[in-house]
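Undergrad: Starting off with a structure, shown below.
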Amino acid sequence: SAGLNALRTCDVPLVVSRSQQRALKCLHGIDAHYLPNGVDVQYCDCSNADNFRRRFRIGQPFVLWMGRNEPVKNPREFLLAAEALPDLQFVMAGDNCSEAELLASTGIPVPSNVLLTGPLPRQLAQDALAACKLLCVTSLREGLPTLILEAMTHQRPIVTSDAEGCLDATDGDAFAKVYKRGDISALCDSIERAMRELSK
């Protein structure tokens with residue numbers, strides 16, 4: 001409510017995604033200007049995939065999830081996908097992503113094919129994006145996710161939920177495989193299809 005009040009009274013209301021712009025207009029009558037997020041391409045270009053692989057001793061292709069362990073980032077669906085796809089390697093990077101914290105928040109024991117790195121400093125996060133085979137974003141809500149933009153800068157395939165901000169970033173399914181939030185079968189199918197396409 002404080003944010004909405006500020007948007008109503010400020011001189012120039014700005015939002016970072018088209019979906020936010022539409023929601024503010026339709027739900028609250030606020031005309032906001034769209035100013036999309038951006039990424040530092042040169043910083044992305046300085047990444048070192050081998051640095052990440054060596055540091056965490058990962059020799060095989062892996063599916064990456066990065067974020068905070070909180071409901072809006074939806075780590076539960078990523079863990080369920082890893083559980084359903086035991087032949088693939090999964091990596092989770094982010095705050096509060098220990099085995100105990102994930103079990104407490106999701107109710108799911110961390111599968112053996114999931115490597116937990118903990119939070120990553122900015123450069124190592126870029127190294128992880130450069131090293132992954134595929135980025136998976138399971139968010140329930142997003143503005144315009146910088147993580148997806150960075151993965152696109154690294155030319156990494158993306159599997160994302162149908163959260164509106166994610167779809168803003170990927171132009172719907174033009175630049176990502178999109179699954180319906182809550183549909184674990186569709187998530188697994190999207191991951192498997194993306195991995196098969198990469199191996200061609």
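The values are calculated or read from the model by the stated rules, or taken from the named source; none is laboratory data. What you see is a predicted model, and the numbers here were worked out from it, not measured in a lab. Note that we place each Cβ from the backbone using ideal geometry, even for glycine, and neighbour counts take in every protein chain shown. Heavy atoms of the whole protein, side chains included, go into the accessibility calculation; ligands, DNA and RNA do not. Shrake-Rupley method; radii C 1.70, N 1.55, O 1.52, S 1.80 Å.
Undergrad: About the Cα centre of segment 1-127, how large is the charge dipole given +1 on each Lys and Arg Cβ and -1 on each Asp and Glu Cβ? Please answer in debye to the nearest 20.
TA: 180
Undergrad: To continue, here is another question. Considering only D168, D87, D50, give the residue with the highest GNM mean-square fluctuation for the chain, with springs between Cα atoms whenever their separation is below 10 Å.
TA: Largest GNM mean-square fluctuation: D87.
Undergrad: According to the Kirkwood expression over distinct Cα-Cα pairs, how big is the hydrodynamic radius of segment 59-200, in Å?
TA: 14.8
Undergrad: Would you mind telling me the share, in percent, of accessible area of segment 104-190 contributed by carbon and sulfur at probe 1.4 angstrom?
TA: The nonpolar share, carbon plus sulfur, comes to 49 percent.
Undergrad: OK, next. Could you give the size of the charge dipole of segment 143-189 about its Cα centre, using +1 on the Cβ of each K and R and -1 on the Cβ of each D and E, expressed in debye and rounded to the nearest 20?
TA: Computed about the Cα centre, the dipole is about 140 debye.
Undergrad: Subtract the Cα-Cα distance of H33 and N96 from 0.36 nm times their separation in residues, and report this length gain in nm to one decimal.
TA: Stretched out fully, the H33 to N96 stretch lengthens by 19.2 nm.
Undergrad: Give the peptides 22-35, 55-68 in descending order of average Cβ contacts within 10 Å, highest first.
TA: Result, highest mean Cβ count within 10 Å first: 55-68, 22-35.
Undergrad: With point charges of +1 on the Cβ of Lys and Arg and -1 on the Cβ of Asp and Glu, referenced to the Cα centre of segment 1-128, which listed residue (A82, V41, P13) lies farthest in the positive direction of the dipole?
TA: Value: P13.
Undergrad: Rg over Rh of segment 153-200, using C-alpha atoms and the Kirkwood radius, what does it come to?
TA: Reported Rg/Rh, Kirkwood definition of Rh: 0.97.
Undergrad: Stokes-Einstein diffusion coefficient for segment 6-128 at 25 °C in a medium of 0.890 mPa s, Rh from the Kirkwood formula over Cα pairs: what value in µm²/s?
TA: After rounding, the answer is 144 µm²/s.
Undergrad: Mind checking the per residue accessible area of the chain for me, 1.4 Å probe, whole number of Å²?
TA: Dividing the accessible area of the chain by its residue count gives 52 Å².
Undergrad: While we're here: Let's test the formula: R0 of 30 Å, r as the Cβ-Cβ distance of S105 and R55. What FRET efficiency results, to the nearest 0.05?
TA: 0.70
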